[in-house]
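Peer 1: Please find one structure pasted underneath; my questions will follow.
The values are calculated or read from the model by the stated rules, or taken from the named source; none is laboratory data. This one's a predicted model, so the numbers in the text were calculated from it and none came from an experiment. Positions of Cβ are generated from backbone atoms using ideal geometry, with glycine treated the same way; all protein chains shown enter the neighbour counts. The area values use the complete protein model at the heavy-atom level, side chains included, leaving out ligands, DNA and RNA. Shrake-Rupley method; radii C 1.70, N 1.55, O 1.52, S 1.80 Å.
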Amino acid sequence: MKRAHLSLALMAAGLLAACATAPLAATPAATAQAGTTQTDKAQFERDRESILAMTGNYKVSFDFTETVSFVEGYELKEPKLSGGHEVVRVVEDRGDFISLQHTLVVGPDSAPIVVKHWRQDWQYQPERVLVFIGGNAWEWRDVPVSERTGAWSQTVYQVDDAPRYGAVARWTYDDGLAAWTPPMEWRPLPRRDMTTRDDYHTIDAVNRHVITPWGWVHEQDNAKLILSDEPQALVREIGVNTYRKYDDYPVEAADNYWAATGDFWAGVRAEWTAIEAEHEAFAITIKGETEPLYMPLLELADQIQAGETTLEPALTEARAVIRSFVTPDVGDVTERLRPTTKVASVY
């Protein structure tokens, strides 16, 4: 795919908001980790079913509305509503660990464009979780036994498999709803704002995942924070991302892309996993939008699919690109921030 086409596809994605591993059954050892009682095991299996229920083919809608401003002079922005098609597949299942890859299909059915999208990794009873600390940096946070018992972490990754954010919570089944609702955690700006405004630095978000009869929904309660000094809420926003099961689009384009590039992305994931294991905290040296990091990786995947390069040379280049932008020297958050204006409404 030409760079211009890829950039357009990523813009659509922003407006929308080792070897590739086949899905595996839960292993006896992993199931045993669910607990010693039949109740624990039943809950563990029910949680797995809820996570796996998010796989499938979907028509998606992304609806974000700012609700309350907290800085003098700031005016609420117009709501942002968009939509498209998304494929969600299991790329790894070890029983107590499940990885789901999202892939966008944009453009006309006669000439679909596939865009590797976000990934969500679920770990049962995690001892620690990788969290966002602002300014394209992350650190490991220990999870006390009282918080991790019976709980799952969700760690979300970007299009280039760099981390985005993580949180821990238990799945609940009150009122007939399978729901996962963690406490508020910081997360990077979404591309819908990263590419159009520069008046805040991070989102303090509650992410709720709820399974429905027709698919699932990702509900968000967001506070957009300015970090230039002490954290200051600029505005609150509510978001509802709806995934409704739907097959009437070129689903095979996404599956063909993954069949061709899955080994490459497995190698990229392995590189990020190694970086996470090496450091208690690390940062990407780019301030703001990380296009110089993700565009080369997406282009390498396209070259593999087109037969213009092979796996090992592509992975060698990908590892070099990733390492060139990663540092364990996270410094102070204010040193990592891109410049800001006072408020976006003065434009």
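Peer 1: Mind listing whichever residues of the range 193-217 are modelled with pLDDT under 95, open to solvent by 30 Å² or more (accessible area, probe 1.4 Å) and in contact with a Pro (Cβ under 9 Å, 6 or more places away or on another chain)?
Peer 2: Result: Asp198, single match.
Peer 1: Still on this structure, please answer the following. I'm trying to understand the selection: among the residues of the range 129-143, which are more than 27 Å from Pro292 (Cβ to Cβ) and either of a type in the set (S, T, N, Q) or crowded, with 20+ Cβ neighbours inside 10 Å (or both)?
Peer 2: Val129
Peer 1: Picking from Ser153, Ser146, which residue would you name as being open to solvent by 10 Å² or more (accessible area, probe 1.4 Å) and polar (S, T, N, Q)?
Peer 2: Working: Ser153 fails: open to solvent by 10 Å² or more (accessible area, probe 1.4 Å).
None of the others qualify; the one that does is Ser146.
Peer 1: Do any residues in the range 327-345 that are open to solvent by less than 40 Å² (accessible area, probe 1.4 Å) and part of a loop (DSSP other than H, G, I, E, B) have Cβ atoms under 9 Å from those of residues that are of a type in the set (Phe, Trp, Tyr) and at pLDDT 70 or above, where the two are at least six apart or on different chains, and which pairs are they?
Peer 2: Val330/Trp138; Val330/Phe282; Val343/Tyr74
Peer 1: Please give the number of the condition Glu276 fails out of (1) within 14 Å of Asp160 (Cα to Cα); (2) among the acidic types (Asp, Glu); (3) modelled with pLDDT of 95 or more.
Peer 2: The number of the failed condition is (1).
Peer 1: Just one of the numbered conditions (1) open to solvent by 10 Å² or more (accessible area, probe 1.4 Å); (2) farther than 17 Å from Phe62 by Cβ is not true of Trp180; which one?
Peer 2: Checking Trp180 against (1) open to solvent by 10 Å² or more (accessible area, probe 1.4 Å); (2) farther than 17 Å from Phe62 by Cβ, the one that fails is (1).
Peer 1: What are the residue pairs meeting all of these: first residue in the range 218-241, first residue more than 18 Å from Lys287 (Cα to Cα) and open to solvent by 70 Å² or more (accessible area, probe 1.4 Å), second residue of a type in the set (Ser, Thr, Tyr) and in a strand (DSSP E or B), Cβ atoms under 8 Å, and 6 or more apart or on different chains?
Peer 2: Qualifying pairs under 8 Å: Arg236/Thr67; Ile238/Thr65; Ile238/Thr67.
Peer 1: Could you please find all residues in the range 276-289 being open to solvent by less than 30 Å² (accessible area, probe 1.4 Å) and farther than 19 Å from Gln120 by Cβ? Show your work before the answer.
Peer 2: Taking the range 276-289 as the starting set, the residues that turn out to be open to solvent by less than 30 Å² (accessible area, probe 1.4 Å) are 276, 281-284, 286, 288.
Once the filter is applied, which keeps residues that are open to solvent by less than 30 Å² (accessible area, probe 1.4 Å) and farther than 19 Å from Gln120 by Cβ, the range 276-289 yields Ala281, Phe282, Ala283, Ile284, Ile286, Gly288.
Peer 1: I would also like to ask the following. Can you report the number of residues in the range 89-115 which are modelled with pLDDT of 95 or more, surrounded by 14 or more Cβ atoms within 10 Å (Cβ to Cβ) and of a type in the set (Gly, Ala, Ser)?
Peer 2: 2
Peer 1: Would you check if there is a residue in the range 290-307 being open to solvent by 20 Å² or more (accessible area, probe 1.4 Å), among the hydroxyl-bearing types (Ser, Thr, Tyr), modelled with pLDDT of 95 or more and within 21 Å of the chain's Cα centre (by Cα)? Explain how you work it out, then say what you get.
Peer 2: The initial filter retains those residues of the range 290-307 that are open to solvent by 20 Å² or more (accessible area, probe 1.4 Å), namely 291-292, 296, 299, 303-307.
Those left that are additionally among the hydroxyl-bearing types (Ser, Thr, Tyr): none.
No, the range 290-307 has no match at all.
Peer 1: Taking the options Glu78, Glu86, name whichever one is crowded, with 19+ Cβ neighbours inside 10 Å, charged (D, E, K, R) and more than 29 Å from Ala283 (Cα to Cα). If you could, list the steps in order and put the result at the bottom.
Peer 2: Details: Glu78 fails: crowded, with 19+ Cβ neighbours inside 10 Å.
When all the criteria are applied, what remains is Glu86.
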